[in-house]
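Presented below is the structure to which this report refers.
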Amino acid sequence: MKQLFLTLVVLTFGGCASLHSPYDLSEWCHRVGSSRPGSIGPDASDPVRCERELEEDLADGTPRILYVPQDVVMVPVQAARFLWAFLGRTDPPF
């Protein structure tokens, strides 16, 4: 049962960022924090950072599917941010 749950979390969160548009990722950044490995910390949901990442994503011509490995690496961080926001009802500090 634990392996099934872990597999579902990885599949859900891992491919999630790659399948969304840059505008969805920007909204996600404002709510939960950035989905990029370089933005772990208290400024992960900083509005200036989120807008800069949106501009970078719009200018980037690389297919989003190539970012799946990056998204899989960020699964634990995104899951922890989600649980922190869901259970604690506050913005995550990381």
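Some notes on this structure:
- Assuming charge only on the beta carbon of Lys and Arg (+1) and of Asp and Glu (-1), the dipole of the range 45-89 about its Cα centre is about 320 debye to the nearest 20.
- From phi via Karplus (6.51, -1.76, 1.60), per-residue ³J(HN,Hα) for the range 50-67 in Hz, x at Gly/Pro: 5, 5, 5, 5, 4, 4, 5, 5, 5, 7, 7, x, 5, x, 4, 5, 6, 8
- Among Asp24, Asp57, Asp71, the order by Cβ neighbours within 10 angstrom, fewest to most, reads Asp24, Asp57, Asp71.
- Cα-centre dipole for the chain with unit charges at Cβ (Lys and Arg positive, Asp and Glu negative), debye to 20: 500 debye
- The residues Met1, Met74, when put in order of fewest to most other Cβ atoms within 10 Å, stand as Met1, Met74.
- Selection from Ser18, Gly88, Val72, by position along the positive dipole direction of the chain (Cβ): Gly88
- In this entry, the chain is assigned a mean projected area of 6.0 nm², taken as a quarter of its C-alpha convex hull surface.
- Residue-count net charge about Ala85 - beta-carbon cut-off 10 Å; Lys, Arg +1, Asp, Glu -1: +2
- Each residue of the range 80-85 is assigned a 3J(HN,Hα), and the resulting list reads 5, 4, 4, 5, 4, 5 Hz, derived from the Karplus form 6.51 cos²θ - 1.76 cosθ + 1.60 (θ = phi - 60°), x at Gly and Pro.
- In order along the range 68-73, phi translates into HN-Hα couplings of 4, x, 4, 5, 5, 5 Hz, rounded to whole numbers, per the Karplus curve 6.51 cos²θ - 1.76 cosθ + 1.60 with θ = phi - 60° and x for Gly and Pro.
- Near Ser21: Cβ cut-off under 9 Å, other residues only, Lys/Arg at +1 and Asp/Glu at -1. The net charge is -1.
- Net charge of Cβ neighbours under 12 Å - reference Ile40; Lys, Arg +1; Asp, Glu -1: +2
- Every helix of 4 or more DSSP H residues in the chain counts as -39500 (n - 2.57), and over all residues that averages to -20000 deg cm²/dmol at 222 nm.
- Calculated P(r) of the range 31-82 - Cα pairs past 19 Å, %: 28 percent
A short reminder: the numbers here are calculations on the coordinates, not readings from a lab. Note that this is a predicted model, so its numbers are computed, not measured. Virtual Cβ from ideal backbone geometry, glycine too; neighbours counted across all protein chains shown.
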